[in-house]
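Engineer: Okay, handing you the structure first.
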Amino acid sequence: MGHLNSSGWPGRAVLLSCGVAFVACVLPAIASAAAVTPTSLTDCGGKVSANPSGAAADEPNLLSYRFQCDTGITAYTILIQQQGDRGGSIDDYDPSPSVFETDGVTPSPSESITCEGTTPSNGVNCNTGTQNVQLDDGFVVQGSVDPVQAYCKHLPTDANGKTAKPGTAAVPQAVVQLVVTDFTGAEDGPFNLGPAKACPKVPNVVPTPKVKAKHKPKPKKKTSAKKHG
């Protein structure tokens with residue numbers, strides 16, 4: 001046994017032997033941690049479309065999103081960016097999106113999603129609600145968000161809701177993106193969620209109203225007097 005030094009701790013020989021033993025103990029833990037390093041290998045794809053229930057709910061801009069990934073995920077974020085929405089592009093969102101099996105039709109009997117976030121904002125965060133629980137790979141998630149403006153490219157309006165003055169630039173189509181956290185803990189994305197149906201064509205600027213040309217009345221034809229015999 002080593003001698004105690006002035007501080008009351010064992011001598012140098014004992015410290016060295018403990019140090020070696022300590023290294024031997026922690027090395028397996030380090031190797032184990034390295035084996036589960038997050039790897040960004042998940043690929044996802046999806047689309048957005050106008051939600052048909054929006055008009056009845058007085059939310060004409062309501063937008064549905066639908067996506068699936070090729071590996072399991074534990075959480076995701078929907079991001080929306082649109083010109084002019086400095087305070088945030090999302091006004092509302094679905095707190096409980098639907099989850100379907102790989103066929104995209106059969107509801108999942110066990111998986112579920114919960115979303116939360118502040119509004120207005122540019123993003124909504126969603127997860128499985130339980131740590132380390134994931135959605136199976138290939139399962140389909142379908143939810144909705146309510147953008148402040150229309151998703152498709154459109155002509156801006158003034159404070160009174162009337163179309164802005166001629167020459168004002170059109171508001172471009174919104175950019176909707178998806179970022180996921182996969183089963184390894186890695187984040188993947190952003191993935192662009194494009195429109196399921198092409199947006200209608202809109203001019204790049206508010207056009208100048210056409211002035212209807214005034215039609216001049218046609219001159220009356222002169223009739224010649226008939227000669228009597």
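Engineer: Looking at the stretch 111-133 only, could you name the residues that are assigned to a loop (DSSP other than H, G, I, E, B), farther than 17 Å from Gln149 by Cα and modelled with pLDDT of 90 or more?
Structural biologist: Glu111, Ser112, Ile113, Thr128
Engineer: For the stretch 172-194, name all the residues that are in contact with a Cys (Cβ under 9 Å, 6 or more places away or on another chain), part of a strand (DSSP E or B) and at pLDDT below 95.
Structural biologist: Selection gives Asp182, Asp188, Gly189.
Yes/no per residue for (1) in contact with a strand residue (DSSP E or B) (Cβ under 9 Å, 6 or more places away or on another chain); (2) within 15 Å of Asn61 (Cβ to Cβ); (3) surrounded by 17 or more Cβ atoms within 10 Å (Cβ to Cβ):
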position: Gln83; (1), (2), (3): yes, yes, no
position: Glu101; (1), (2), (3): yes, no, no
position: Val105; (1), (2), (3): yes, no, no
position: Cys115; (1), (2), (3): yes, no, yes
position: Pro120; (1), (2), (3): yes, yes, no
position: Gly123; (1), (2), (3): yes, no, yes
position: Cys126; (1), (2), (3): yes, no, yes
position: Phe139; (1), (2), (3): yes, no, yes
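Engineer: Still on this structure: Could you tell me which residue of the stretch 85-99 is surrounded by the most Cβ atoms within 10 Å (Cβ to Cβ), considering only residues that are small (Gly, Ala, Ser) and closer than 30 Å to Leu155 by Cα?
Structural biologist: Step one: filter the stretch 85-99 for residues small (Gly, Ala, Ser), giving 87-89, 96, 98.
Next, from what is left, pick out any that are closer than 30 Å to Leu155 by Cα: 87-89.
Details: Gly87: 10, Gly88: 17, Ser89: 25.
Per the criteria, the residue is Ser89.
Engineer: Inspect all residues belonging to the stretch 40-51 and state whether any of them is under 25 Å from Pro195 (Cβ atoms), at pLDDT 85 or above, of a type in the set (Val, Ile, Thr) and part of a loop (DSSP other than H, G, I, E, B).
Structural biologist: yes
The values are calculated or read from the model by the stated rules, or taken from the named source; none is laboratory data. Given the structure is predicted, the values throughout are model-derived calculations rather than measurements. Glycine gets a Cβ as well: all are built from the backbone with ideal geometry, and neighbour counts include every protein chain shown.
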